[in-house]
1. Given the condition modelled with pLDDT under 95 and within 11 Å of RNA strand B (Cβ to nearest atom), answer yes or no: does some residue in segment A:47-66 qualify?
2. In segment A:181-188, is there at least one residue being within 12 Å of RNA strand B (Cβ to nearest atom), at pLDDT below 90, assigned to a loop (DSSP other than H, G, I, E, B) and crowded, with 16+ Cβ neighbours inside 10 Å?
3. Give me a count of the residues in segment A:393-425 that are farther than 14 Å from A:LEU354 by Cα and without any contact (Cβ under 8 Å) to a residue 12 or more places away in the chain.
4. Of all residues in segment A:238-261, count the ones that are within 15 Å of RNA strand B (Cβ to nearest atom) and either farther than 24 Å from A:LEU203 by Cβ or aromatic (Phe, Trp, Tyr) (or both).
5. Mind checking which residues of segment A:1-12 are closer than 17 Å to A:LYS273 by Cα and more than 12 Å from RNA strand B (Cβ to nearest atom)?
6. Of all residues in segment A:252-261, count the ones that are surrounded by 21 or more Cβ atoms within 10 Å (Cβ to Cβ) and not small (Gly, Ala, Ser).
7. Within segment A:395-439, count every residue that is part of a loop (DSSP other than H, G, I, E, B) and at pLDDT 95 or above.
Amino acid sequence: MSYRPLYVFNTLSGEKELFTPIVEGRVGMYVCGPTVYSDVHLGNCRTFVSFDMIYRYLLHLGYKVRYVRNITDVGHLVGDTDTGAEDKIGRIARLERIEPMEVVQKYSNGFHEVMALLNALNPSIEPSATGHIIEQIEMVQKIIDNGFAYETNGSVYFDTLKYAEQTGQYGKLSGRVIDELINESRDNLKNQGEKRHPSDFALWIKADESHLMRWPSKWSVGFPGWHLECSAMSTKYLGTTFDIHGGGQDLKFPHHENEIAQNHGACLSNPVKYWLHGNMLLMNGKKMSKSDGNSILPMELISGNNDIFKEAFSPMTLRFFMMQSHYRSTLDITYDALKAAEKGFSKIKDAYNLIPRLKKAPGSQPVKINQTILSEIEGMYEDMGNDFNTPKALARIFELVSIVNIYHNNPQQEEGLNEESIRLLSSAFDTFVSDVMGIRLKDDILTDGENYTEGLMDIILELRAKARENKDWPTSDLIRDKLSEMNIQVKDGKDGVTWSTGK
RNA sequence: GGUCGGUUGGCCGAGCGGUUAGGCAAAGGUCUGCAAAACCUUCUACGGCGGUUCGAACCCGCCACCGACCUCCA
């Protein structure tokens, strides 16, 4: 079996590379998931939506994909140091007087709800850090056995200097130089007496009595360091070397750099063939970030219940908005940009709904327009194969939108459309917009008791048509205006009336 | 301070040596009872200064500004 060529930008090499899986026909992909100590904000979601699109495209190409996206539910500490600080989840549990696992469950549920709203597919495996304590402890032991970690006072640290000396690799992913890391002079790197070098990081952290989440180990009763869970779980489910590792840009350093070090330390091999990083969602020109207060929750945007944007935006508008920019570019969210996305998306939906109504020429004579449609489809494969260029593919979709509208307005145009034209148009929208980009094209109002609504609308529009025949403009306008208030738009065309929902 | 990345028209956002990106907004027109939608046409670009080249938004240099990372980050 052959696959369409796919080029991906590999952060490790800094170049676009032809994607070739380690095992033919199969792809192992790991994406860093959320830390579930609070609600995921829209910026977090952008990364997950980006990798959902990547997952979808790999599936579409015919690969059998094992997509692992973890839940981090232990090890993330409040503040800047990785010793002695409080666990983020433990902190919430203490403040709210609930079990840490209640915190984890609550925000995991919320995360899943948001992912479902944004039409993200579920990963093949969604492992959690607390569910893999044994694997993490084993990995720490392997790293110690291989001489890349040391114990101090019950905590275990990764020896970055030794790793760098032996492999010359530390900092390769993020472009760091080990000397600079060691000579790092930021004030908050001080007071880390247990480490041999400031750049060393914790694999296992000894916990005091007040710490809610702790497990026994040969070194101490404690908990695993932040980066360890991803190394342990990716190794467990995808093997010591797998195809794709994804995550947000902001995880490159230290998280992913340390992951590589840990995997190497434990398995003595490079874990990942292609590192893919999504760029940040900006708001007010700055990275969306919860700790800076510069963030918005998906539900706040979907419900319109927020102070930042003037109105509600549907989940699919958000997804379309995200797909209109490249995953490796920053994307600035503004009211105007969302409004533009809403209109543009609505244009695609309207055209999609018109496809089945297009007039076809009888017979199966080949028509010229099909060549155009086909070349746009081929173009979209090229765009997607070029590091997932969704904005460019969407530009081609808008070309198809124009074709649909032109032929809908003027069915007599040239040689017209045939069965094949309709099939190609439908499949272009279904494949690229729905399947690959994950943007649902069918209005919710239609999927929800579709026939019922359609039937009612037929009656209403028939009454309006009668009124118009009688030149009863007040009645016909009343119907149109009332429907408009309900966000249903009536569109008078040459060949009859169509309608669509506004959002 | 170090290391990266960016600066495209009113807004968003592709392109990265020669070809209209696209969407939204705006203007005019077609259609329409009116409107909307759609269609046609039009408009406003590549941060600044140099250099390379027959040709630069795209390559190189300098400058300016913005952002990200530098142990909370998707």
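The values are calculated or read from the model by the stated rules, or taken from the named source; none is laboratory data. Worth saying up front: this structure is predicted, and the values here are computed from it rather than measured. No Cβ is skipped: glycine too gets one built from the backbone with ideal geometry, and neighbour counts run over all protein chains shown.
1. Keep residues of segment A:47-66 that are modelled with pLDDT under 95, which gives none.
The answer is no; no qualifying residue exists.
2. Checked against the condition, which is being within 12 Å of RNA strand B (Cβ to nearest atom), at pLDDT below 90, assigned to a loop (DSSP other than H, G, I, E, B) and crowded, with 16+ Cβ neighbours inside 10 Å, segment A:181-188 yields no hits at all.
3. Number satisfying all stated conditions: 3.
4. Within segment A:238-261, the first condition is being within 15 Å of RNA strand B (Cβ to nearest atom), and the residues that meet it are A:244-261.
Pick out the ones that are also either farther than 24 Å from A:LEU203 by Cβ or aromatic (Phe, Trp, Tyr) (or both) and you get A:244, A:249, A:253.
Final tally of qualifying residues: 3.
5. Start the filter on segment A:1-12 by keeping residues that are closer than 17 Å to A:LYS273 by Cα, which leaves A:5-12.
Scanning segment A:1-12 gives A:PRO5, A:LEU6, A:VAL8, A:ASN10, A:LEU12.
6. Of the residues in segment A:252-261, 5 are surrounded by 21 or more Cβ atoms within 10 Å (Cβ to Cβ) and not small (Gly, Ala, Ser).
7. Number satisfying all stated conditions: 3.
For (1) farther than 24 Å from A:TRP219 by Cβ; (2) in contact with a Ser or Thr (Cβ under 8 Å, 6 or more places away or on another chain); (3) small (Gly, Ala, Ser); (4) assigned to a helix (DSSP H, G or I), each residue gets a yes or a no:
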residue: A:ILE98; (1), (2), (3), (4): yes, no, no, no
residue: A:GLY110; (1), (2), (3), (4): yes, no, yes, yes
residue: A:VAL114; (1), (2), (3), (4): yes, no, no, yes
residue: A:ALA120; (1), (2), (3), (4): yes, no, yes, no
residue: A:PRO123; (1), (2), (3), (4): yes, no, no, no
residue: A:ILE137; (1), (2), (3), (4): no, yes, no, yes
residue: A:VAL140; (1), (2), (3), (4): no, yes, no, yes
